[in-house]
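The structure under discussion appears below in the form of C-alpha coordinates.
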Amino acid sequence: MIEHDALSATSEAYDAAAPLYMQLFRDELRDRPLDRAFLGAFAEAVSAGGGGQVADLGCGPGHITAHLDELGLAVFGVDASPAMIETARQTYPGLRFDVGSMAALDIADGVLGGALSRWSIIHTPPRELPAILREFHRVLAPGGHILVGFSASDDPSHPTQVFDHAVAPAYRWSPDHLSAMLRTAGLAEVARMVREPQPTDRRQFKEIHLLARKPEAGSARSTA
(Lines give C-alpha, C1' and ligand atoms only; values in the text may rest on other atoms or scores of the structure.)
Protein backbone atom coordinates (compact mmCIF):
# COMPACT_ATOMS: atom_id res chain seq x y z
CA MET A 1 0.00 0.00 0.00
CA ILE A 2 1.03 3.59 -0.56
CA GLU A 3 2.11 5.26 2.66
CA HIS A 4 -0.81 7.37 3.88
CA ASP A 5 1.39 9.92 5.63
CA ALA A 6 3.34 10.69 2.45
CA LEU A 7 0.14 11.09 0.45
CA SER A 8 -1.43 13.32 3.08
CA ALA A 9 1.64 15.53 3.34
CA THR A 10 1.82 15.95 -0.44
CA SER A 11 -1.90 16.69 -0.69
CA GLU A 12 -1.72 19.30 2.06
CA ALA A 13 1.30 20.95 0.45
CA TYR A 14 -0.53 21.21 -2.88
CA ASP A 15 -3.62 22.57 -1.14
CA ALA A 16 -1.52 25.52 -0.02
CA ALA A 17 -0.01 25.96 -3.50
CA ALA A 18 -3.21 25.70 -5.55
CA PRO A 19 -3.78 29.41 -6.33
CA LEU A 20 -0.12 29.91 -7.25
CA TYR A 21 -0.12 26.82 -9.48
CA MET A 22 -3.05 28.09 -11.48
CA GLN A 23 -1.32 31.44 -11.91
CA LEU A 24 1.98 29.84 -12.97
CA PHE A 25 0.82 26.99 -15.17
CA ARG A 26 -2.54 27.87 -16.70
CA ASP A 27 -0.89 28.96 -19.96
CA GLU A 28 2.15 26.68 -19.85
CA LEU A 29 1.35 24.94 -23.14
CA ARG A 30 1.38 28.22 -25.05
CA ASP A 31 5.17 28.16 -25.36
CA ARG A 32 5.54 24.37 -25.52
CA PRO A 33 4.77 23.25 -29.09
CA LEU A 34 6.34 19.81 -28.60
CA ASP A 35 4.20 19.14 -25.54
CA ARG A 36 1.11 20.19 -27.47
CA ALA A 37 2.12 17.91 -30.33
CA PHE A 38 2.60 14.87 -28.12
CA LEU A 39 -0.66 15.52 -26.25
CA GLY A 40 -2.27 15.72 -29.68
CA ALA A 41 -0.72 12.38 -30.65
CA PHE A 42 -2.06 10.88 -27.42
CA ALA A 43 -5.54 12.21 -28.19
CA GLU A 44 -5.40 10.75 -31.71
CA ALA A 45 -4.23 7.37 -30.37
CA VAL A 46 -7.12 7.26 -27.90
CA SER A 47 -9.63 8.19 -30.59
CA ALA A 48 -8.20 5.65 -33.04
CA GLY A 49 -8.49 2.99 -30.36
CA GLY A 50 -12.21 3.57 -30.01
CA GLY A 51 -12.28 6.59 -27.73
CA GLY A 52 -14.01 6.34 -24.38
CA GLN A 53 -13.46 8.26 -21.19
CA VAL A 54 -10.02 9.66 -20.40
CA ALA A 55 -8.73 10.45 -16.90
CA ASP A 56 -6.20 13.19 -16.20
CA LEU A 57 -4.62 11.67 -13.11
CA GLY A 58 -3.01 14.26 -10.89
CA CYS A 59 -4.75 17.02 -12.82
CA GLY A 60 -3.78 19.87 -10.49
CA PRO A 61 -5.66 23.06 -11.39
CA GLY A 62 -7.17 21.44 -14.48
CA HIS A 63 -5.47 23.30 -17.33
CA ILE A 64 -4.29 20.15 -19.11
CA THR A 65 -7.69 18.53 -18.59
CA ALA A 66 -9.20 21.54 -20.36
CA HIS A 67 -6.69 21.20 -23.21
CA LEU A 68 -7.59 17.53 -23.71
CA ASP A 69 -11.25 18.53 -23.75
CA GLU A 70 -10.46 21.01 -26.53
CA LEU A 71 -8.82 18.15 -28.43
CA GLY A 72 -12.16 16.32 -28.38
CA LEU A 73 -11.59 13.80 -25.59
CA ALA A 74 -14.25 12.86 -23.04
CA VAL A 75 -11.93 13.78 -20.19
CA PHE A 76 -12.23 14.28 -16.45
CA GLY A 77 -9.62 15.21 -13.84
CA VAL A 78 -8.59 13.50 -10.60
CA ASP A 79 -6.32 14.95 -7.93
CA ALA A 80 -5.57 14.18 -4.28
CA SER A 81 -5.61 17.87 -3.35
CA PRO A 82 -9.12 19.18 -2.57
CA ALA A 83 -7.93 22.75 -3.09
CA MET A 84 -6.60 21.92 -6.56
CA ILE A 85 -9.91 20.29 -7.44
CA GLU A 86 -11.88 23.28 -6.17
CA THR A 87 -9.66 25.61 -8.22
CA ALA A 88 -10.21 23.45 -11.32
CA ARG A 89 -13.97 23.36 -10.82
CA GLN A 90 -14.16 27.13 -10.46
CA THR A 91 -11.94 27.77 -13.49
CA TYR A 92 -13.48 25.13 -15.79
CA PRO A 93 -17.07 24.71 -14.57
CA GLY A 94 -18.08 22.69 -17.62
CA LEU A 95 -15.67 19.86 -16.83
CA ARG A 96 -15.71 17.11 -14.22
CA PHE A 97 -13.08 17.03 -11.47
CA ASP A 98 -12.91 14.49 -8.63
CA VAL A 99 -10.84 14.28 -5.46
CA GLY A 100 -9.03 10.96 -5.46
CA SER A 101 -5.75 9.11 -5.08
CA MET A 102 -3.83 7.38 -7.85
CA ALA A 103 -3.12 4.62 -5.32
CA ALA A 104 -6.80 3.66 -5.18
CA LEU A 105 -8.75 5.17 -8.05
CA ASP A 106 -12.54 5.27 -7.77
CA ILE A 107 -12.77 4.03 -11.35
CA ALA A 108 -14.08 0.65 -12.46
CA ASP A 109 -11.83 -1.95 -14.04
CA GLY A 110 -11.08 -1.57 -17.74
CA VAL A 111 -13.31 1.42 -18.54
CA LEU A 112 -10.88 4.13 -19.69
CA GLY A 113 -9.88 4.66 -23.27
CA GLY A 114 -6.93 6.70 -22.04
CA ALA A 115 -5.19 8.14 -19.03
CA LEU A 116 -2.72 10.96 -18.54
CA SER A 117 -0.18 11.13 -15.74
CA ARG A 118 1.69 14.37 -16.36
CA TRP A 119 4.29 14.87 -13.63
CA SER A 120 1.90 13.26 -11.15
CA ILE A 121 4.10 10.25 -10.29
CA ILE A 122 7.08 12.35 -9.24
CA HIS A 123 6.11 12.46 -5.55
CA THR A 124 5.56 8.70 -5.30
CA PRO A 125 8.33 6.94 -3.35
CA PRO A 126 10.09 4.56 -5.76
CA ARG A 127 9.14 1.44 -3.84
CA GLU A 128 5.48 2.42 -4.16
CA LEU A 129 5.42 3.23 -7.88
CA PRO A 130 4.78 -0.34 -9.14
CA ALA A 131 1.43 -0.33 -7.31
CA ILE A 132 0.48 2.96 -8.99
CA LEU A 133 1.36 1.58 -12.42
CA ARG A 134 -0.72 -1.54 -11.75
CA GLU A 135 -3.63 0.76 -10.88
CA PHE A 136 -3.17 2.54 -14.21
CA HIS A 137 -3.31 -0.84 -15.94
CA ARG A 138 -6.42 -1.85 -14.01
CA VAL A 139 -8.56 1.11 -15.08
CA LEU A 140 -7.53 1.11 -18.75
CA ALA A 141 -9.61 -0.78 -21.27
CA PRO A 142 -7.78 -3.27 -23.50
CA GLY A 143 -6.15 -1.21 -26.22
CA GLY A 144 -6.24 1.93 -24.06
CA HIS A 145 -3.31 4.33 -23.92
CA ILE A 146 -1.54 6.09 -21.08
CA LEU A 147 0.81 9.05 -21.38
CA VAL A 148 3.26 9.48 -18.50
CA GLY A 149 5.34 12.65 -18.08
CA PHE A 150 8.30 13.02 -15.73
CA SER A 151 11.82 14.40 -15.40
CA ALA A 152 14.75 12.18 -16.33
CA SER A 153 17.58 11.17 -14.04
CA ASP A 154 21.10 12.10 -15.14
CA ASP A 155 22.68 8.67 -14.72
CA PRO A 156 20.90 5.74 -16.41
CA SER A 157 22.66 3.33 -14.05
CA HIS A 158 20.59 4.81 -11.20
CA PRO A 159 16.83 4.28 -11.66
CA THR A 160 15.86 7.31 -9.56
CA GLN A 161 17.24 10.58 -8.22
CA VAL A 162 15.73 12.83 -5.57
CA PHE A 163 15.40 16.50 -6.52
CA ASP A 164 14.51 19.70 -4.73
CA HIS A 165 10.88 20.18 -5.67
CA ALA A 166 9.38 23.30 -4.11
CA VAL A 167 6.22 21.59 -2.81
CA ALA A 168 7.10 18.05 -1.69
CA PRO A 169 9.89 15.44 -1.97
CA ALA A 170 10.17 14.34 -5.59
CA TYR A 171 12.00 11.89 -7.83
CA ARG A 172 13.44 11.80 -11.32
CA TRP A 173 13.49 8.53 -13.23
CA SER A 174 15.62 6.74 -15.79
CA PRO A 175 13.34 6.59 -18.87
CA ASP A 176 14.39 3.04 -19.73
CA HIS A 177 13.82 1.88 -16.16
CA LEU A 178 10.37 3.43 -16.01
CA SER A 179 9.51 1.94 -19.39
CA ALA A 180 10.49 -1.47 -18.01
CA MET A 181 8.28 -0.89 -14.96
CA LEU A 182 5.36 -0.04 -17.24
CA ARG A 183 6.01 -3.23 -19.18
CA THR A 184 6.02 -5.27 -15.98
CA ALA A 185 2.65 -3.71 -15.11
CA GLY A 186 1.31 -4.85 -18.48
CA LEU A 187 1.68 -1.58 -20.40
CA ALA A 188 3.83 -1.66 -23.53
CA GLU A 189 5.72 1.45 -24.61
CA VAL A 190 4.56 2.81 -27.97
CA ALA A 191 6.66 5.98 -28.24
CA ARG A 192 8.58 8.50 -26.20
CA MET A 193 9.53 12.14 -26.48
CA VAL A 194 12.66 13.57 -24.88
CA ARG A 195 12.63 17.34 -24.42
CA GLU A 196 15.95 18.97 -23.66
CA PRO A 197 15.89 21.73 -21.03
CA GLN A 198 15.69 25.29 -22.26
CA PRO A 199 18.34 27.80 -21.14
CA THR A 200 15.69 29.68 -19.16
CA ASP A 201 14.41 26.59 -17.30
CA ARG A 202 15.08 26.74 -13.57
CA ARG A 203 15.95 23.05 -13.50
CA GLN A 204 18.17 21.70 -16.26
CA PHE A 205 16.45 18.31 -16.45
CA LYS A 206 15.41 16.40 -19.54
CA GLU A 207 11.64 16.02 -19.70
CA ILE A 208 10.22 12.67 -20.79
CA HIS A 209 6.83 11.70 -22.18
CA LEU A 210 6.23 7.95 -22.44
CA LEU A 211 3.21 6.74 -24.39
CA ALA A 212 2.21 3.18 -23.50
CA ARG A 213 -0.67 0.90 -24.39
CA LYS A 214 -2.56 -1.86 -22.63
CA PRO A 215 -2.61 -4.86 -24.98
CA GLU A 216 -5.87 -6.08 -26.42
CA ALA A 217 -7.50 -8.97 -24.61
CA GLY A 218 -5.88 -12.24 -25.56
CA SER A 219 -2.63 -10.71 -26.82
CA ALA A 220 0.72 -11.59 -25.29
CA ARG A 221 1.72 -9.66 -22.18
CA SER A 222 5.39 -9.01 -21.42
CA THR A 223 6.52 -9.77 -17.92
CA ALA A 224 10.12 -8.65 -18.41
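The values are calculated or read from the model by the stated rules, or taken from the named source; none is laboratory data. On a predicted model such as this, the values are computed, not experimentally measured, just so you know. When we count neighbours, we look across all protein chains shown, and the Cβ atoms used for this are built from the backbone with ideal geometry, even at glycine. Remember, those area values only see protein heavy atoms, side chains included, never the ligands or the DNA or RNA. Shrake-Rupley method; radii C 1.70, N 1.55, O 1.52, S 1.80 Å.
At a glance:
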item: Members of the stretch 165-176 that are at pLDDT 80 or above and either open to solvent by 80 Å² or more (accessible area, probe 1.4 Å) or not hydrophobic (A, V, I, L, M, F, W, C) (or both); result: Tyr171, Arg172, Ser174, Pro175, Asp176
item: Residues that are in contact with a strand residue (DSSP E or B) (Cβ under 9 Å, 6 or more places away or on another chain) and aliphatic (A, V, I, L, M), drawn from the stretch 100-137; result: Met102, Leu105, Ile107, Val111, Leu112, Ala115, Leu116, Ile121, Ile122, Leu129, Ile132, Leu133
item: Qualifying positions in the stretch 68-98 - within 16 Å of Gly114 (Cβ to Cβ) and among the acidic types (Asp, Glu); result: Asp69, Glu70
item: Cross-chain or 6+ apart pairs with Cβ under 6 Å, the stretch 56-74 first and of a type in the set (S, T, N, Q), then open to solvent by less than 10 Å² (accessible area, probe 1.4 Å); result: Thr65/Asp56; Thr65/Cys59; Thr65/Gly77
item: Residue match in the stretch 153-164 (condition: of a type in the set (Phe, Trp, Tyr) and at pLDDT 90 or above); result: no
item: Residue that is farthest from the chain's Cα centre (by Cα) [pool: residues in the stretch 74-85 that are open to solvent by less than 40 Å² (accessible area, probe 1.4 Å) and of a type in the set (A, V, I, L, M, F, W, C)]; result: Ala83
item: Pairs where the first residue, in the stretch 188-204, is in a strand (DSSP E or B) and the second is open to solvent by 70 Å² or more (accessible area, probe 1.4 Å), C-beta under 8 Å, 6+ apart; result: Ala188/Arg213; Glu189/Arg183; Val190/Arg213; Met193/Leu34; Val194/Lys206; Arg195/Leu34; Arg195/Lys206
item: Cβ-Cβ under 6 Å pairs, at least 6 apart or on other chains, the stretch 133-157 side closer than 15 Å to Ser174 by Cβ, far side of a type in the set (Ser, Thr, Tyr) and surrounded by 17 or more Cβ atoms within 10 Å (Cβ to Cβ); result: Val148/Ser117; Ser153/Ser174; Pro156/Ser174
item: Qualifying positions in the stretch 29-69 - surrounded by fewer than 18 Cβ atoms within 10 Å (Cβ to Cβ), closer than 20 Å to Glu207 by Cα and of a type in the set (Asp, Glu); result: Asp31
item: Lone unmet requirement of (1) open to solvent by 10 Å² or more (accessible area, probe 1.4 Å); (2) assigned to a loop (DSSP other than H, G, I, E, B); (3) in contact with a strand residue (DSSP E or B) (Cβ under 8 Å, 6 or more places away or on another chain); (4) not small (Gly, Ala, Ser) for His145; result: (2)
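Listed here are the residues, each with its yes/no results for (1) at pLDDT below 95; (2) under 18 Å from Ala43 (Cα atoms); (3) of a type in the set (Val, Ile, Thr).
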| residue | (1), (2), (3) |
| --- | --- |
| Arg127 | yes, no, no |
| Val139 | no, yes, yes |
| Gly144 | no, yes, no |
| Ala185 | no, no, no |
| Arg213 | no, yes, no |
| Ala224 | yes, no, no |
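The rows are residues; the columns are (1) open to solvent by less than 20 Å² (accessible area, probe 1.4 Å); (2) touching a Phe, Trp or Tyr at 6+ places or on another chain (Cβ under 6 Å); (3) among the polar types (S, T, N, Q).
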{"position": "Gly72", "(1), (2), (3)": "no, no, no"}
{"position": "Thr91", "(1), (2), (3)": "no, no, yes"}
{"position": "Ser151", "(1), (2), (3)": "yes, yes, yes"}
{"position": "Gln161", "(1), (2), (3)": "no, no, yes"}
